[in-house]
Each structure stands twice: as C-alpha cells, then as structure tokens.
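The values are calculated or read from the model by the stated rules, or taken from the named source; none is laboratory data. Predicted model, so just to flag it, every value in this text is computed and none were measured. Protein only, heavy atoms only, side chains kept; ligands, DNA and RNA dropped before computing areas. Shrake-Rupley method; radii C 1.70, N 1.55, O 1.52, S 1.80 Å.
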Amino acid sequence: MAATARAVALAPGLIHHPGYLDAGARANLAREVAAALALAPPVTPRMPRTGRPFSVRMTNCGALGWVSDEAGYRYQPHHPETGAPWPEIPPTALAAWAALSGYPAPPEACLVNLYAPGARMGLHQDRDEIDRAAPVLSLSLGSPALFRYGGLRRGDPTRSVRLQPGDAVVIGGPARLIFHGIDRILAPEADLLGPADALLPGFLPSGGRCNLTLRRVNPPRGAAPP
Ligand SMILES: O=C(O)CCC(=O)C(=O)O
Ligand SMILES: [Mn+2]
C-alpha cells in the first residue's frame, strides 16, 4: 500500500508519512468512504454554547463517533440525526492504523471531515479521548491542505506543512496533545489532480478535501488505567 521510508518527524511524536496511500489505496479508501457517507450522511457540527456552525461537515465510522452541538463535544455510538449506529471503519483506514499507529488495539472512532474549498479548522487539541496512550492517525484525500501545528500551549509558536492526498500523519507520544488545525484548502497540483474532482461525488464539491482521523477513545480491556 505504502512507503513509510520517507517518514518525516515534524516534531517528537508528530510523524508525517508523505504519499503513504498510493493511487490504488486512495481510490479504495474513497470508495469505502462514499459507502459510509451513504449510510451516515454528513452533518454540520455546531460550537458548544454558541451554536455557531463549523465550516467543515462531518460524519463518523466505528463504534464511537465524535459529535459537537450546543450540548458540547462528545463521543456517542449513534448518528445524531438518523439515530443509527455508525458504519464500519473503512478497511483501508484500519490497515493504515495497524501499520502506523504502533498501538496494539484497533481504533474505536474514525471521524470523517469534509472540507469544501474555503472550509477550515481552527487551532485545537484532540482531548476528548480517555486513552491518550494511543495516537491519532490522520489520512488525507482530495485537495491538498495547509496543516498548522504548534506546541502544548495555544500560544506556542506554530509551523505549517502541506498535506497532500494520500498523506498520513501520526499525532502521538509527546505530540498527542499539540494544538493543530487546517488553515486552508489549496488548489490541487496538476500532477495530482486525479481524484480531487471526482472525490465523493454528491458529498463534496469539486476541489474539496476529505480527512479521516482514527482514534482510540477508551483504553483496551485489561490495559493499565491512563
Ligand atoms: O483535517 C485535518 O487534517 C485535521 C483534522 C483534525 O484535526 C481533527 O479532526 O481533529
Ligand atoms: Mn484534531
């Protein structure tokens, strides 16, 4: 599926695997995500308290899904609008987790972020998980994006890196709680135009980006308490 030889440590615990998913794996993952979206339609999350809508649309796969609305951020086992359990995590994403996470248990949650051109995700920490011994694994499809990352405090200096379709990023170890976000979605480069236009038709406008983040929420049974 992939080459990890070119892995780059952006910071201790923050590992970028450029081009991890090759064209075949990207096509498989896009197909698997499209099937999941048909079962679990994307929703527009809202900020706790203010109810302000996110620019990113979201859905989930796995036993637990991350949702946000006026009541707060949380993981829950069902879709907030249909009430149905979330669909299975895409097999291509599970294989990437097995290869890259270094974690002995499978992910419980796979958040699917859909970015239309112009959507962004503000600087934040992923901290709604109880099991922080497991990394977060991010997989990107579609248009490239500018990923911003900093330190453990909001005010720490930040840097940015371009994430291309097929890139994987492991956010773990000392980087598990770093602040990070997506500044903007970039125009696809000519030689990578491939799936960007045809990615998830009906769910994502042309030039959009899809990102999956896989997480462990609870420690595996029998694991020492965090
Ligand atoms: O879209 C991305 O690359 C980052 C997504 C992210 O940080 C999140 O879902 O928590
Ligand atoms: Mn995040």
Checklist entry - Which value, in Å² rounded to 10, gives the accessible area of I89 with a 1.4 Å probe and all protein chains present? => result 20
Checklist entry - Considering only protein heavy atoms, what per residue accessible area in square angstrom results for the stretch 104-154 with a 1.4 angstrom probe? => result 37
Next on the checklist: I need the phi-derived Karplus couplings for the stretch 24-41: 6.51 cos²θ - 1.76 cosθ + 1.60, θ = phi - 60°, integer Hz, Gly and Pro marked x.
Outcome noted: x, 5, 5, 5, 4, 5, 4, 5, 5, 5, 4, 5, 5, 5, 5, 8, 10, x
Next on the checklist: Please list, ordered by chain and number, the residues whose modelled amide H lies under 5 Å from the amide H of G65; skip anything fewer than 5 residues away on the same chain.
Outcome noted: Q76, H78
Item to check | Relative contact order of the stretch 109-226, defined on C-alpha pairs under 8 angstrom at six or more residues apart (%) | outcome: 44
Checklist entry - Roughly speaking, to the nearest percent, how much of the stretch 49-195's 1.4 Å accessible area is carbon and sulfur? => result 55
